[in-house]
Amino acid sequence: MITVYGTGPMFGLPHASPFAFKAEMLLKISGLPYKLARADIRKAPKGKIPWIDDDGVIVPDTAFIKRHLEEKHGIDFSGGYSKREQGIGLAVERLLEDHVYWLNIHSRWLDGDNFQRGPFRFFDDAPALIRPLIRKMVLRTVQQSVHAHGIGRHDAAGREYLGKLAIDAMADILGDNPYILGERVCGTDATAFAFMASLACPVFASPHIAQVHEHANLVAYLDRMTRSYFPDLATASS
Ligand SMILES: N[C@@H](CCC(=O)N[C@@H](CS)C(=O)NCC(=O)O)C(=O)O
């Protein structure tokens, strides 16, 4: 049995972490049985969430989780697409994971109201005495990471522009397809669904929600994926 160490449901999403959401999606697409466990980041093999435990084999990082599922369990995440299409798929994944993800981090952590609604709650389990200190320290680390990435150096208008470019591109790539690359689900859908749904999460105020909603095909894709893969969440939000 495979255990996925993620963050667990929060904000109407299967995981607060888009990478944990992606990892669970990879398991769902694979069809393999799995169970979920709440990750303690202090025990994270590479200091990040998620990771999996596959009968004692510990695999951190979603790229390597995907490779592990392919190599150990013979899962084919290619969807049968051509090499060129798979190349576009990988570029889409990295657009979302290495760029859009940071817009989302900026919005959730560095907007005061969003922080109160979201990340503030991540520390609820910490001892009350040191909770404010931990909160402050982690927020400072996130500020530094966002600055080091580069997204943190743009003003709100700049971030909105970058979000629009990425979201419009996602809508153009999806087109009329049921799945991101065409008629069949593939590994890229794990990322596309997880990261776009996380960005569009209505719990947080951000210009990116309206940017997603400008595209009927993206909204329909998110609805379709939620109904197919997380029917309980679809019911809860309807
Ligand atoms: N490349 C990793 C990225 C995972 C990642 O960035 N996870 C975030 C949560 S969404 C995390 O654990 N951040 C904590 C930190 O960077 O200290 C993957 O694909 O799994």
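Residues that are within 18 Å of Gly80 (Cα to Cα) and in a helix (DSSP H, G or I) were ranked within the stretch 165-201; the one that is nearest to the chain's Cα centre (by Cα) is Thr191.
Scan the stretch 97-126 for residues that are in a helix (DSSP H, G or I) and within 14 Å of the ligand (Cβ to nearest atom) and report the count. Total satisfying the criteria: 16. Looking at the stretch 184-202, can you tell me whether even one residue there is among the acidic types (Asp, Glu), assigned by TED's automatic domain parsing to the domain that holds Phe120 and free of Cβ contacts under 8 Å to residues at least 60 places away in the same chain? No; the residues of the stretch 184-202 include none that is among the acidic types (Asp, Glu), assigned by TED's automatic domain parsing to the domain that holds Phe120 and free of Cβ contacts under 8 Å to residues at least 60 places away in the same chain. Applying the criterion of at least 1 residues that are of a type outside the set (Asp, Glu) and more than 11 Å from the ligand (Cβ to nearest atom) to the strands (runs of 3 or more DSSP E) found wholly in the stretch 5-96 leaves 34-38, 57-60. Of the residues examined, Arg224 is not one that is in contact with a Ser or Thr (Cβ under 9 Å, 6 or more places away or on another chain), in a helix (DSSP H, G or I), in the same structural domain as Leu110 (by TED's automatic domain parsing) and of a type outside the set (Gly, Ala, Ser).
Residues that are out of contact with any Ser or Thr (no Cβ under 6 Å at 6 or more places or on another chain), β-branched (Val, Ile, Thr) and farther than 17 Å from Ser17 by Cβ within the stretch 53-75 comprise Val57, Ile58, listed in sequence order.
The values are calculated or read from the model by the stated rules, or taken from the named source; none is laboratory data. Note that this is a predicted model, so its numbers are computed, not measured. Every residue, glycine among them, receives a Cβ derived from its backbone with ideal geometry; neighbour counts consider all protein chains shown.
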